[in-house]
Amino acid sequence: MSAESRAAEPARRVPLAVLDLVPIAEGSNAGEALHRSIDLARRAEAFGYARYWLAEHHLNPGVAGAAPHTFLGILAASTERIRVGTAATILGNYEPLQVAEAFGTVAALWPGRVDLGLGRSGLPPAKADGGAAAGPSAVPAAPPLPAVPVAPETAAEPAPPAPNEVIDGLVIPPQRPFRFDRARFALQARLLGRTVGDADRFADDVDALRDFFAGPVRFADDSRPDGVAVQAQPATGTPVELWVHGSSAGESARLAGRLGLRFGANYHVAPSGVLAAVAEYRAHFRPSPELERPHTIVSVDVVVAETDGEAQRLARGYAEWVLSIREGQGAVPYPSPERATPDAELSSIELDAVQDRLDTRFVGSAASVVAQLETLQRATGADELLVTTITHDHEARVASYRLLAEAWNDVAAPVEGEDRGAERAESELAGATVGA
């Protein structure tokens, strides 16, 4: 089917889900951020979102989402119907048994509502030329992800950035070079117990995790001919929906396809690779007991307000926030619109490092953002869309999700005081799922 014929088709309303980093607003603290996420989860359920997923980020001054496995049960207990999960659990930060036990606990208490998204981020193998020391305790100085060119420390004349492509109406930017604080990434790897080459164990760890949920598992043992059988209670036999997330046409996409698992593609983190990632996943897909056909969710940054102008005002500060991540210092507390550094005051090198994220963030009124989401869904063939919204003001963030949900399903929800609005929306949308 040609791009022209696809563009002429009416948009298919796929379910919307929420991705929460648990951002800390400037002038606030981690405790307030966590309480605000609990409130947002409740309201997202009332608005009809299908899922509420937590990201995993460590050592970020402006992000409180460092322990998603702990917070997951609190969100499940604070809501009634919405599915809760992670996008993604960085599997190399844990042993598979620990992940199975943590998610099995939540799923045993709230069956049928738990999603486990798995990410591959890890340390690459030691270089043959000795660039990284070998051995189980060795940690390289440079992080392995994201796989983009790193800007030189000094550059007299930076090369002009490559232009964006537009494929089937969707902006696909080139990869952007940016610097890393190598010492900081090496320290984080050491604190999390990462070892050189652990990224290569991802497929084995996914298999082990699936075995623990299926259980019991029998391990070989030299002292016992029949090995040792164990059960990872409360994970054994507990229904948990598994996803694999990836940012490129790499091993994660291929593994998700080979295992017949659901796949998440990251347009909001690595927009340059989203089309290649979903294509690679579908090319390698094999039906499984979990899934008969490929199933994808695509993430996107969104800010919605009553008008385009107000949305643009609320979106201020995003460039410096992304820059703080890409320079390696960790996300800073999200600035207020009044205190945010104007994009024009960033250097050309700084702006170039985040331009792909600015060009692919959907900001505007509900009508304009819905049109962009329709394009994203059509171009990627996504079965669901995963929306992440960060603003300094919590109520503005809640309103963004509400306005989007209303417009996506053309639901006229009440707009009176937000404190009562969520309660009334819950009664009117009970049992509904956005886009279902």
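What FRET efficiency comes out for the pair Asp221/Asp343, r = Cβ-Cβ distance, R0 = 56 Å, nearest 0.05?
Values: r = 60 Å, r/R0 = 1.07.
Approximately 0.40, to the nearest 0.05.
Extension gain, Asp410 to Ala279, is 44.1 nm, computed as 0.36 nm per intervening residue step minus the present C-alpha separation. Based on protein heavy atoms only, segment 234-282 ends up with 26 Å² per residue of surface accessible to a 1.4 Å probe. Ranked by the mean number of other Cβ atoms within 10 Å of their residues, highest first, the peptides 255-263, 344-352 come out as 255-263, 344-352.
Peptides 88-96, 328-336, ordered by how many other C-beta atoms sit within 10 Å of their residues on average, highest first, read 88-96, 328-336. Take the Cα of Leu187, step 7 Å toward its Cβ, do the same at Leu109, and the gap between the two points is 3.4 nm. Carbon-plus-sulfur accessible fraction, segment 297-386 (probe radius 1.4 Å, protein heavy atoms only): 48%. Pairs of alpha carbons in segment 291-418 separated by more than 22 Å make up 41% of all such pairs. Computed over neighbours whose Cβ is under 9 Å from that of Ser336, the net charge equals -1, Lys and Arg +1, Asp and Glu -1. If the viscosity is 1.002 mPa s and the temperature 20 °C, what Stokes-Einstein diffusion coefficient in µm²/s follows for segment 232-367 when Rh is the Kirkwood radius over Cα pairs? The estimated diffusion coefficient comes to 125 µm²/s.
Estimated translational diffusion coefficient (Stokes-Einstein, Kirkwood radius over Cα pairs, 25 °C, 0.890 mPa s) of segment 341-401: 179 µm² per second. Pull out a ≥ b ≥ c, the square roots of the eigenvalues of the alpha-carbon gyration tensor of segment 166-246, then state rounded if a/c is under 1.5, prolate if not and a/b is larger than b/c, and oblate in the remaining case. Here segment 166-246 falls in the oblate category. Across segment 64-120, C-alpha contacts under 8 Å between residues 6 or more apart give a mean separation that, scaled by the residue count, equals a relative contact order of 45 percent. Once the Cα-Cα distance is subtracted from the 0.36 nm per residue extended length, the Ala229 to Ile38 segment shows a gain of 64.8 nm.
Please work out the FRET efficiency for the pair Gln175 and Thr70, using the Cβ-Cβ distance as r and a Förster radius of 51 Å; give the result to the nearest 0.05.
Working: r = 34 Å, r/R0 = 0.67.
So the FRET efficiency works out to roughly 0.90.
An ellipsoid equivalent to segment 192-297, defined through the eigenvalues of its Cα gyration tensor, has semi-axes of 30, 17, 12 Å when rounded to whole angstrom and sorted largest first. Considering segment 43-95 at the alpha-carbon level, its Rg and Dmax are found to be 12.1, 36 Å.
Once neighbouring chains are kept in place and the probe is 1.4 Å, which whole percent of the accessible area of segment 157-251 is contributed by carbon and sulfur? Write out the running numbers ahead of the final one.
Numbers: 2740 of 5260 Å².
Result for segment 157-251: 52 percent of the exposed heavy-atom area is carbon or sulfur.
Computed over protein heavy atoms with a 1.4 Å probe, the accessible surface of segment 317-380 works out to 36 Å² per residue.
The values are calculated or read from the model by the stated rules, or taken from the named source; none is laboratory data. Bear in mind that the values here come from a model prediction, so they are computed numbers and not experimental data. FYI the Cβ positions are ideal-geometry reconstructions off the backbone, even for glycines, and counts take in every protein chain you see. Surface areas here come from the heavy atoms of the whole protein model, side chains and all, with no ligands, DNA or RNA. Shrake-Rupley method; radii C 1.70, N 1.55, O 1.52, S 1.80 Å.
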